[in-house]
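For reference, the structure discussed in these notes is given below.
Here, each number is a calculation from the coordinates, and none is a lab measurement. The shown structure was predicted, so the numbers you read here are calculated from the model rather than taken from an experiment. Ideal geometry is used to build each Cβ from the backbone, glycine not excepted, and the neighbour counts take in all protein chains shown.
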Amino acid sequence: MNTRIISSGDRYGFAIIDDNPSKVVYVSTLHYFLTPSVKSSYEQPFQARSASYRFINNRSYHIDALRKKATEDMTKPIAVDISAEKMLEDHYMEIYNGVKGKARSSKKSSDENREKVYNEIKIIVGELENITQNIKDLKSKRKIKRILMLYKQLIRKHFDDFAKKASEQEDAMPPASQMSPLPPMSPMSPMSPITASIINMESSDLFKLIDVNIKEEILGDYAEKACDAISKKHKDLDYVIDCPSLDNITIFSSGEPILNIRVNSKLNVSGIFPTGELYGMYPFHSVEFYQRYWKPIVETIKHFYLTDASLLLCPERNPLPNIPKEEKKYALEGWDVENNRLSKVDVSFKGDRLTWMFEPSESTDLTLTASNYVSKYTEQDYINTPIVKCIDPNLKSIYGRTGTVVQVIPYVDHMEIDVDFGRGLDIVRLTEEKLEIVPVDV
């Protein structure tokens, strides 16, 4: 089974193709109304790619039902002589026929396999409940509700033990209003749950339980976040995950490779490298690559593993510095995976024409950590919401006026922003305490 990204105008979707390349099982732009988890179209190819991974890995029962009606040529229009409502009813009845057989045969299976079938039926029930809420036609709503009851009867007949257990667990949970908030992390406490990947999976039974589909989905999540982090800089972003090794992600822009992201055996991101034309523009050790690609991608993925130092960095705990004006180094705190303790590494900016690199930390304190950098907004905030207003009353000619962000110049201790206020005014460079971002209604 293969996935192909397709375009529709300036939007994107995906097609799932059976082993025979001419036999199309699913086309998101045509079949989306049958599958609530899929959108009719996506803004960027990488979003359609990630949606296809999630759909194949978590909603395979849709594919099983549609395979029987696969078209021979995806380029030909599908002749539809029945209503969308009738197609929806037929589709979920086709799925029902498949899961009914799974439910019956699961009686002699292990509890683990029975639970998988039970969870699949629960997901389908959730989809149908969502569909009934959105259907306006009362006649169609009644028909979908009857199909929904068939699935619920399957649960009562074959999985009543799991359903009762789930109900008891829900009853035992205190109301959300009574739940105590988690205590804040102290500066020297262990890493937050987002860094659960520090577990040594190579020697852990947990690693053995992670199957190929889950690993592929994790890498897909990394790829989607990386693309999202640079989506304002590039158009038509897409990615490919190396299979079966599952250790490298290639990011493409307009069909040309621009980045390689390495993932180690513990599913940590351990390398982000420019390739193709991007390498010629911004070599790996250039500060431009650090600021424009490495830093925003790591901040979005939320971790980076330094192999040589066996150190896991988490930007949410210890912010990464912006490019300084001159040579400087900053200590970053991370988790030493081998010794299970906090440790440090220096990120150094050196040379007449600055380059960056990681080096063993020279000091025992963290007085020059990147966390000393405090900014009202991030560079990405200005890129995502580029309308700002001058809030400094001393600047009478532009006080209270709004303008468009032209450029962001980040430094370690502050940011400078070039703003075009229009109305005959020149572009003005301001420090960020003189500005505030104006939210744009979507």
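The table below lists the values:
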read-out	value
Built amide H within the under 5 Å cut-off of residue 401, gap 5+	390
Residues 247, 426, 161 arranged by fewest to most Cβ contacts within 10 Å	426, 161, 247
At R0 = 22 Å, FRET efficiency that the Cβ-Cβ distance of residue 150 and residue 116 yields, to 0.05	0.65
Burial ordering of 91, 62, fewest other beta-carbon atoms within 10 Å first	91, 62
Protection-proxy order for peptides 400-406, 46-52, 386-392, each taking the mean of Cβ atoms within 10 Å per residue, highest first	46-52, 386-392, 400-406
Normalised contact order of segment 379-437, rounded percent, pairs of Cα under 8 Å and 6 or more residues apart	33 percent
Residue 327-residue 68 pseudo-label distance in nm [points 7 Å out on the Cα-to-Cβ vector]	7.3 nm
Extension gain, residue 357 back to residue 109 (0.36 nm per residue minus Cα-Cα distance, nm)	83.9 nm
Gain in span if fully extended, residue 167 to residue 350, counting 0.36 nm per residue against the direct Cα distance	59.9 nm
Simple spin-label estimate for residue 440 and residue 213 in nanometres, 7 Å along Cα-Cβ	3.9 nm
Order of 26, 12 under a 10 Å beta carbon neighbour criterion, fewest first	12, 26
